[in-house]
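Scroll down for the structure; my scribbles are underneath it.
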Amino acid sequence: MEEFIARLLDLQDCDRDIDRLKADLKSIPEERKIHRMDTEGHEAKFNLFKESMDAIKKKQKKLATDKTDNTARIAEYKSRLLTLKSNSEYTAMLKQIANTEKMNDQIDNMILEAMYEEDEASQELDRAVKERDRAVKRSKIREESLNEKLQELEAKLADIEIKRSSIAAKVEPRQLKVYDKARSSGHREIVTGIKHCSCGGCLTKIPPQKAGEIKGGKTYVCPLCGSYVVWTSDSSF
Ligand SMILES: [Zn+2]
């Protein structure tokens, strides 16, 4: 392999590592977002159960007040009963007392119902709290390990970028320019291996005679994609 090709290949390996590290770094905020959404989902669920629990409590309070009011009213009606003179007034008052007592019976039933509702809501709320807390904990652990990973990747990237500049310094400026230009236009394999008698970059067939020369150590420039085609460990005719 020609010297300049070996250098370009080193550079390319380096850039491949840089690409991989950058892709890994890019995945971190995305992963964070997934965890945040998971936690927010559990928080929203908790809030929903909390709201329904609050509504039940409010209803219970209202029922209790209604019952107290009715009981006071009944006591008042009963005391008024003694002062009534006519039969019709008396009968009307008795009817009113009976009605109010009936209302209180209904309220008692509603209070009982609300108690069952409260039990159920309380269980659901407990479950939501546990699930939310679990999600928060899980997210926190994951966040810590993501931060570690981030630091690790950033350190690796910094190292490899230093390594890259020292390799790039050894490449002839004109070749480096061509290489960088090809890379920035999306070409990732400027130096490629010959595979099944074809360019490893674009799969264009290479004449057998040329392939033989490549195996012998000569560099071949692919007429289609411009890659340097060389013989590598996984090359074949
Ligand atoms: Zn090619």
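Derivation of every value follows stated rules applied to the coordinates shown; laboratory data play no part. Fair warning: this is a prediction, and the values are worked out from it, not measured in the lab. Methodologically, a virtual Cβ is constructed for each residue, glycine included, from the backbone with ideal geometry; neighbour enumeration extends over all protein chains shown.
Looking at the stretch 204-237, which of the residues that are assigned to a loop (DSSP other than H, G, I, E, B) and small (Gly, Ala, Ser) is nearest to the ligand (Cβ to nearest atom)? Please lay out each step first, then the result.
Looking only at the stretch 204-237, we keep the residues that are assigned to a loop (DSSP other than H, G, I, E, B), and these are 204, 206-207, 216-219, 222-227, 231-237.
Adding the requirement that they be small (Gly, Ala, Ser) leaves 216-217, 226-227, 233, 235-236.
Details: 216: 19, 217: 19, 226: 7, 227: 5, 233: 19, 235: 14, 236: 16 Å.
Filtering the stretch 204-237 for residues that are assigned to a loop (DSSP other than H, G, I, E, B) and small (Gly, Ala, Ser), the one nearest to the ligand (Cβ to nearest atom) comes out as 227.
Residues in the stretch 181-203 that are away from the ligand (no atom under 12 Å from the Cβ) and free of Cβ contacts under 8 Å to residues at least 60 places away in the same chain: how many? Talk me through it step by step, then tell me what you get.
Residues of the stretch 181-203 that are away from the ligand (no atom under 12 Å from the Cβ), as a first pass: 181, 183-186, 188, 196-197.
Now drop any that are not free of Cβ contacts under 8 Å to residues at least 60 places away in the same chain, which leaves 181, 184-186, 196-197.
The number of residues fulfilling the criteria is 6.
Can you run down the residue pairs with Cβ atoms below 7 Å, 6 or more apart or on separate chains, where the first is in the stretch 211-223 and among the aliphatic types (A, V, I, L, M) and the partner is away from the ligand (no atom under 16 Å from the Cβ) and not in a helix (DSSP H, G or I)?
211/237
Looking only at the stretch 182-198, which residues are under 19 Å from residue 13 (Cβ atoms) and either charged (D, E, K, R) or in contact with a strand residue (DSSP E or B) (Cβ under 9 Å, 6 or more places away or on another chain) (or both)? Before you say what the answer is, go through the steps one by one.
The initial filter retains those residues of the stretch 182-198 that are under 19 Å from residue 13 (Cβ atoms), namely 182-184, 186-195.
Of everything in the stretch 182-198, those that are under 19 Å from residue 13 (Cβ atoms) and either charged (D, E, K, R) or in contact with a strand residue (DSSP E or B) (Cβ under 9 Å, 6 or more places away or on another chain) (or both) turn out to be 183, 188, 189, 190, 191, 192, 193, 194, 195.
For the stretch 70-83, enumerate the residues that are of a type in the set (D, E, K, R) and surrounded by 13 or more Cβ atoms within 10 Å (Cβ to Cβ). Walk me through how you get there before you give the answer.
Narrowing the stretch 70-83 to residues of a type in the set (D, E, K, R): 73, 76, 78, 80.
Correct list: 73, 80.
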